[in-house]
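Engineer: Sharing a structure here in structure tokens format.
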Amino acid sequence: MFKGSIVAIVTPFKDGKVDEEAYRELIEFHIENGTSAIVPCGTTGESATLDMEEHARVIDIAIEAVNKRVPVIAGTGGNNTQEAIELTRHAKESGADATLQVTPYYNKPTQEGLYQHYKTIAKEVPLPQVLYNVPGRTSVNMLPGTVARLAELPEVVAIKEASGNLGQMAEIVHLAGDKITLLSGDDNVTLPTLALGGKGVISVVANIVPKDTAQMIQAWEDGDVEKARSLFYKLLPLCQAMFYETNPIPVKTALAMMGKIQEEMRLPLCPMSQANRERLEKALRDYGLIQ
């Protein structure tokens, strides 16, 4: 159902509030440059610091601005199953095409708890569901066997796998590749993920280079392995730069350097150190994104 370069879009702020104008302009930038779907309110969208009203509003803006030109996969997950249901219900009523559901963080559920969490959301709000496994942030790793169980549910259509474990990704494809779409959740391993049978990436770096990210995946789909590999290695220094500090600090700083948003994030995220800012600026300059 979902493939290609899918952007985990930032949420721009201005004077402490969501910058709706800049957000709409970012969405146009992505559609013009080949991004195949938009994910509002993911990790990169600072969902953890949006209140419920803001969260709903950011999703609504994305749906309205996209206007059915590409799918909108709304980030509506949480570590409280009932809250995730409420956010997902709003997204469905607003017209989202699917939901991105992170594994519940902090409370560290068992594999059975993970299964019941996703199953309950699917039952309460029937909407295509993209699982999101990112153990580095949540302290829980959803194992391939659990993914395979969930893939039996008709609502569960894909997984954003951000464990960085290629062996785990391969096992997901082996166990359930005919029932669930594997998407990379880490730009640094997008090409290896495609080689394992993945269909795309939910990307951070696509925020700043949507065209090249989309073309890399399209080249792979077209069977042009050399072009895909060339674009992957061209992108790799930028992919690494996006994690000089905690995401989304570097990507928002980069977008500000490019003149697309204000350099503003919410505490406990804070501005980059001067040393890392200089490294990031060099990476952008070397790529030709800034002068």
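The values are calculated or read from the model by the stated rules, or taken from the named source; none is laboratory data. Just so it is clear, the model here is predicted, and its values are computed rather than measured. So basically every Cβ, Gly included, is an ideal-geometry build from the backbone, and we count neighbours across all protein chains shown.
Engineer: For residues in segment 163-185 being within 24 Å of Asp97 (Cα to Cα), surrounded by fewer than 23 Cβ atoms within 10 Å (Cβ to Cβ) and small (Gly, Ala, Ser), which is modelled with the lowest pLDDT?
Structural biologist: Here the answer is Gly177.
Engineer: Taking segment 66-100, which residues are under 18 Å from Glu20 (Cβ atoms), over 18 Å from the mean Cα position of the chain (by Cα) and in contact (Cβ under 8 Å) with a residue 12 or more places away in the chain?
Structural biologist: Selection gives His90, Ser94, Gly95.
Matching residues to (1) in contact with a Lys or Arg (Cβ under 9 Å, 6 or more places away or on another chain); (2) among the small types (Gly, Ala, Ser):
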residue	(1), (2)
Ser184	yes, yes
Gly200	yes, yes
Ser203	no, yes
Gln240	no, no
Leu280	no, no
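Engineer: Which condition from (1) closer than 23 Å to Met169 by Cα; (2) in a helix (DSSP H, G or I) is the one that Leu255 breaks?
Structural biologist: That leaves (1) as the condition not met.
Engineer: Oh, and also: Restricting the search to segment 259-274, which residues are over 21 Å from the mean Cα position of the chain (by Cα) and either buried (at least 16 other Cβ atoms within 10 Å of the Cβ) or under 19 Å from Val209 (Cβ atoms) (or both)?
Structural biologist: Result: Gly259, Met272.
Engineer: Taking the condition of being polar (S, T, N, Q) and within 24 Å of Val156 (Cα to Cα), how many residues in segment 182-240 meet it?
Structural biologist: 4
Engineer: Another question, if that's okay. I want to confirm something. Restricting to segment 11-22 and keeping residues that are in contact with a Pro (Cβ under 8 Å, 6 or more places away or on another chain) and surrounded by fewer than 24 Cβ atoms within 10 Å (Cβ to Cβ), which single residue is nearest to Val204 (Cα to Cα)?
Structural biologist: Taking segment 11-22 and keeping what is in contact with a Pro (Cβ under 8 Å, 6 or more places away or on another chain), we get 11, 18-19, 22.
Then drop every residue that is not surrounded by fewer than 24 Cβ atoms within 10 Å (Cβ to Cβ), which leaves 18-19, 22.
Numbers: Val18: 19, Asp19: 19, Ala22: 17 Å.
In this case the residue turns out to be Ala22.
Engineer: Condition first: touching a helix residue (DSSP H, G or I) at 6+ places or on another chain (Cβ under 7 Å) and farther than 23 Å from Asp97 by Cα. Now tell me which residues in segment 115-139 satisfy that.
Structural biologist: Taking segment 115-139 and keeping what is touching a helix residue (DSSP H, G or I) at 6+ places or on another chain (Cβ under 7 Å), we get 115, 117-118, 120-121, 124-125, 127, 129, 131.
None; the set is empty.
Engineer: Are there any pairs, at least 6 apart or on different chains, whose C-beta atoms fall under 8 Å, with the first in segment 263-284 and without any contact (Cβ under 8 Å) to a residue 24 or more places away in the chain and at negative phi and the second in a loop (DSSP other than H, G, I, E, B) and acidic (Asp, Glu), and if so, which?
Structural biologist: Sorted first by the residue in segment 263-284, then by its partner, the pairs are Pro271/Glu263.
Engineer: Let me ask something additional. Given the criteria among the basic types (Lys, Arg), surrounded by fewer than 23 Cβ atoms within 10 Å (Cβ to Cβ), touching a residue at least 40 places away in the same chain (Cβ under 8 Å) and part of a helix (DSSP H, G or I), does Lys211 qualify?
Structural biologist: In short, yes.
Engineer: State yes or no: is Val125 in contact with a strand residue (DSSP E or B) (Cβ under 8 Å, 6 or more places away or on another chain) and either at pLDDT 95 or above or under 21 Å from Met265 (Cα atoms) (or both)?
Structural biologist: Spelling it out, Val125 is indeed in contact with a strand residue (DSSP E or B) (Cβ under 8 Å, 6 or more places away or on another chain) and either at pLDDT 95 or above or under 21 Å from Met265 (Cα atoms) (or both).
Engineer: Next question, about the same structure. Yes or no: Val189 outside any strand (DSSP E or B), surrounded by 23 or more Cβ atoms within 10 Å (Cβ to Cβ) and touching a residue at least 60 places away in the same chain (Cβ under 8 Å)?
Structural biologist: No.
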